[in-house]
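Written below as structure tokens is the structure these notes are about.
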Amino acid sequence: MTVLLNNLKRIFLKPINIVLMIVVPIVLNLMFISIFNAEQMYEVGIIDLDDSKLTASIIEEMKIAANTHEYENDDAVINSALINSTINMAIRFPENYAEDMINGKCPKVEIYAVEENTDSVPLTMLVAAIGTNCGEIGKLCDGDEDKFYDCVEDYLEGTFQTEYNNFDLSKGEQIERAVNSLGYLAMGMMFLMSFATTLLLEDKMSRVYSRILTTPTTRASYLLQHLLSYVIVAAVQVVLIISLLPVIMDGQLSFGDSFGVTLQVMLVTLIFATACIAIGLTVSRFSKNNVVAGAFIGLVNLPVLMLGGCMWPRDLMPEGLQRVGDFVPTTWFLKAAEEVLYENGLGAAWKELALLGGLAAILITVSFLVETDDKC
Amino acid sequence: MNIIETSKLVKRYKNHTAVDRIDLDVREGEVFGLLGPNGAGKSTLIGMLVGTLKVTEGSVRVLGKDISRDSTAIKQDIGYVPQDLAFFEKLSAYDNVIYWGRLYGLEGPELKSAVQEALEFTGLWDRRKDTSENFSGGMKRRLNIACAIVHKPKLLFMDEPTVGVDPQSRNSILESIRKLNHNGTTVIYTSHYMEEVEAICDRVGIMDFGKLIAVGTIDQLVTETVKEEFATIEINNMSLQLAEAIKRIPGVTRCERNQNVLDIQVNPAIMSTIQLLEMLISKRIDIQAINVEKPTLETVFLTLTGKKLRD
Ligand SMILES: Nc1ncnc2c1ncn2[C@@H]1O[C@H](COP(=O)(O)OP(=O)(O)OP(=O)(O)O)[C@@H](O)[C@H]1O
Ligand SMILES: [Mg+2]
């Protein structure tokens, strides 16, 4: 255990390592997810035929969740804006909207959207709900304009904000987002791979490696302890990031609704991390120095991340590349994670997990058993 | 008993034979010196003996066991001071020796006292808390040794342990090797420095181009290999003719004049140095000073390989 403990000391006592392992993946995640969020802002066209205090208030509140654009009452213009996706949807407030509302007549707004485009559904539902609720308030106020506006102001205050957060993501979208986030996490895991390389090569360069092998510590034991120390580091990394990230993202990201699912996500990630570490360990076990290992890892890293769908969805790639991507561990990882996030359990991901575990096992066996000169 | 026995030991790299059919026996309890110029194959030989290099051909027995089968048991009882410094520069001297002690299975109070002993032995106890990175070259060398002796090995390999060490530290290292040997440790010692080997080694093996070309005690090597005698003679009124005349005397194999001094090499089978001097005196040649050189390992090496050890 001497090698193991010493390794942990070497890793955790260097602040830069903590930054690389924990902070960088989290920051990466925040960056990418905030880009997603920016896209989530709705572009809404407004045709306000009423031009009342009420419609002004509603439009004002909508700005929390949407960019609003004023339009003339011209169907042709609105249609082309919708088709060109300049706006996701358009809302027309009819004449006398406020007055009818105060008098308890429950007037309806008209909503325009491209039918196949579901982006606008949440906002459509929200606007409809607001209309109904204002109507209810109107009935209760029984024509008293001052009272009506008091109530409506109170009601509108923050409506969009809370409602927006509540239903902007469907279950599927949420999982897609979690998988994306795990893709960025995979980049962090690949850092680990370079890590495994660094310490072992450091030992080789300082001749400590060959010296250790003149002690009763066997090469297998030495490598196993190296492996274990990185798996421990990876476990810390995985548990911290997967439990911290949703908190930092303030509910906009979730790795499963139940503790069980989250635990499974952590496990899948850890298995992937182990495979990464095994790759790093094998590379550094057989390379003479940092330059060779660094070049090799760099060469492997990027394509594996790209092919595995960590940088963009796999579906965007041509069929041929997707088939090639079937052979990279990042693909197996994200597929397994998706299964688990859909609450299908670890059993549903057995094939991917077996591939990851098998890869790790083969690499570890090779680097433990193949005989080479241990002097560099 | 032989603590090391190799038979036809070969280490071959792609296009280069670094160790060439070496049969070596090292006896328990001795300090055995391995002498040879750069690239002779000393470190490669030791690498195979300590099990870090794969043996290409031949067999190695260390401590009575076959290294290819019982390497873990053997390793428990050997210590290895590598030619290049090998420890954790970021750790203190104390933590380093603790680390190596643990690798040899030491624990608890036993480990602590062993570490203290090793550090005191190498004179580093007072500086034990310092990061080894900041040590002087000589101190690093001593720490390199401390890490190898913490578990009190029966057999200690030292591959040029004094490179770059000032004479004073070197003497203290040599002194400690004598002490270790006195306490029962067998030592294999490689060096470029003749004086070191002459000072501490019971027997010496001379290597060149991967081959072990001579083995024996220093006296044996000298008497067996050095068949000629070496002397310098200072003569008053030295002349060119005189030098030429001496050069022509049968038995004189070399005669170089340097002003008043002659550098002479004779073959005692034909004429000894004494006979030569008697002859010169009888010819009334005015001899001012005589210096008969005792042959050393350096002479042995020169005779065997035709080159100086350190060129
Ligand atoms: N990995 C290797 N591949 C090829 N040749 C090697 C390798 N390691 C050593 N050699 C060669 O083997 C020969 C013996 O080297 P070795 O280090 O054993 O010499 P040495 O006697 O210890 O020399 P020195 O006194 O300089 O330490 C050298 O010619 C060296 O170049
Ligand atoms: Mg050497």
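Tabulated values for the structure
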quantity: Matching entry among A:Thr330, A:Thr365 (being of a type in the set (S, T, N, Q) and buried (at least 22 other Cβ atoms within 10 Å of the Cβ)); calculated: A:Thr330
quantity: Unique residue being within 14 Å of chain B (Cβ to nearest Cβ), out of contact with any Gly (no Cβ under 6 Å at 6 or more places or on another chain) and either at pLDDT 90 or above or on the phi < 0 side of the Ramachandran plot (or both) when the list is A:Leu346, A:Leu369; calculated: A:Leu369
quantity: Criterion: more than 24 Å from the chain's Cα centre (by Cα) and within 14 Å of another protein chain (Cβ to nearest Cβ) - qualifying residue of A:Ser206, A:Ser229; calculated: A:Ser206
quantity: Residues that are within 16 Å of ligand 1 (Cβ to nearest atom) and in contact (Cβ under 8 Å) with a residue 60 or more places away in the chain, drawn from segment B:132-165; calculated: B:Asn144, B:Phe157, B:Met158, B:Asp159, B:Glu160, B:Pro161, B:Val163
quantity: Given (1) touching a residue at least 12 places away in the same chain (Cβ under 8 Å); (2) away from ligand 1 (no atom under 16 Å from the Cβ), number of the condition B:Asp95 does not satisfy; calculated: (1)
quantity: Condition check for A:Ile64: farther than 30 Å from A:Val233 by Cα and under 26 Å from the mean Cα position of the chain (by Cα); calculated: yes
quantity: Among (1) in contact with a strand residue (DSSP E or B) (Cβ under 7 Å, 6 or more places away or on another chain); (2) within 16 Å of ligand 2 (Cβ to nearest atom), the one test that B:Tyr13 misses; calculated: (1)
quantity: Helices (runs of 4 or more DSSP H) wholly inside segment B:232-311 that include at least 2 residues being more than 30 Å from B:Ile206 (Cβ to Cβ) and among the polar types (S, T, N, Q); calculated: B:273-282
quantity: Matching residues in segment B:96-110 - criterion: being facing chain A (nearest Cβ under 8 Å) and part of a helix (DSSP H, G or I); calculated: B:Tyr99, B:Trp100, B:Arg102, B:Leu103
quantity: Unique residue being closer than 30 Å to A:Leu199 by Cβ and free of Cβ contacts under 8 Å to residues at least 60 places away in the same chain when the list is A:Asn84, A:Asn6, A:Asn29; calculated: A:Asn6
quantity: B:Ile3 being in contact with a strand residue (DSSP E or B) (Cβ under 8 Å, 6 or more places away or on another chain) and away from ligand 2 (no atom under 16 Å from the Cβ); calculated: yes
quantity: Residues of segment A:272-291 satisfying the condition of being in contact (Cβ under 8 Å) with a residue 24 or more places away in the chain and β-branched (Val, Ile, Thr); calculated: A:Thr274, A:Ile277, A:Ile279, A:Thr282, A:Val283
quantity: So A:Phe12, is it within 20 Å of the chain's Cα centre (by Cα) and either closer than 30 Å to A:Leu182 by Cβ or in the same structural domain as A:His226 (by TED's automatic domain parsing) (or both); calculated: no
quantity: Qualifying residue in segment B:73-83 (condition: within 15 Å of ligand 1 (Cβ to nearest atom) and either surrounded by fewer than 23 Cβ atoms within 10 Å (Cβ to Cβ) or not assigned by TED's automatic domain parsing to the domain that holds B:Ala199 (or both)); calculated: yes
quantity: Selection within segment B:47-65 - within 14 Å of chain A (Cβ to nearest Cβ) and over 16 Å from B:Gly79 (Cβ atoms); calculated: B:Met48, B:Leu53, B:Lys54, B:Val55, B:Thr56, B:Val60, B:Lys65
quantity: Residue count for segment B:186-231, restricted to those that are outside any strand (DSSP E or B) and in contact (Cβ under 8 Å) with a residue 24 or more places away in the chain; calculated: 19
quantity: Some residue of segment B:76-95 being closer than 13 Å to B:Gly210 by Cβ and more than 14 Å from chain A (Cβ to nearest Cβ); calculated: no
quantity: So B:Arg142, is it assigned by TED's automatic domain parsing to the domain that holds B:Lys179 and in a loop (DSSP other than H, G, I, E, B); calculated: no
quantity: Hits in segment B:217-242 - residues which are modelled with pLDDT under 90, more than 36 Å from the chain's Cα centre (by Cα) and closer than 19 Å to B:Gln275 by Cβ; calculated: B:Leu242
quantity: Filter pass, B:Gly64 being more than 16 Å from ligand 2 (Cβ to nearest atom), in the same structural domain as B:Asn181 (by TED's automatic domain parsing), modelled with pLDDT under 95 and not aliphatic (A, V, I, L, M); calculated: yes
quantity: Single condition B:Ser113 does not satisfy, out of (1) assigned to a helix (DSSP H, G or I); (2) facing chain A (nearest Cβ under 8 Å); calculated: (2)
quantity: Selected residue (criterion: nearest to ligand 1 (Cβ to nearest atom)) from residues of segment B:1-46 that are free of Cβ contacts under 8 Å to residues at least 24 places away in the same chain and within 14 Å of chain A (Cβ to nearest Cβ); calculated: B:Tyr13
quantity: Positions within segment B:29-57 being more than 14 Å from ligand 2 (Cβ to nearest atom) and either polar (S, T, N, Q) or in a helix (DSSP H, G or I) (or both), in sequence order; calculated: B:Thr56
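Residues are listed down the side, and each one gets a yes or a no for (1) in contact with a strand residue (DSSP E or B) (Cβ under 6 Å, 6 or more places away or on another chain); (2) in a helix (DSSP H, G or I); (3) in contact (Cβ under 8 Å) with a residue 24 or more places away in the chain:
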| position | (1), (2), (3) |
| --- | --- |
| A:Ala293 | no, yes, yes |
| A:Gly309 | no, no, yes |
| A:Ala336 | no, yes, yes |
| A:Ala348 | no, yes, no |
| A:Ala354 | no, yes, no |
| A:Ile362 | no, yes, no |
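One line per residue, one yes/no per condition, for (1) away from ligand 2 (no atom under 16 Å from the Cβ); (2) crowded, with 16+ Cβ neighbours inside 10 Å; (3) small (Gly, Ala, Ser):
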position: B:Met158; (1), (2), (3): no, yes, no
position: B:Pro167; (1), (2), (3): yes, no, no
position: B:Arg178; (1), (2), (3): yes, no, no
position: B:Phe209; (1), (2), (3): no, no, no
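The values are calculated or read from the model by the stated rules, or taken from the named source; none is laboratory data. Quick caveat: nothing in here was measured; it's all calculated off a predicted structure. We place every Cβ from the backbone using ideal geometry, glycine too, and count neighbours over all the protein chains shown.
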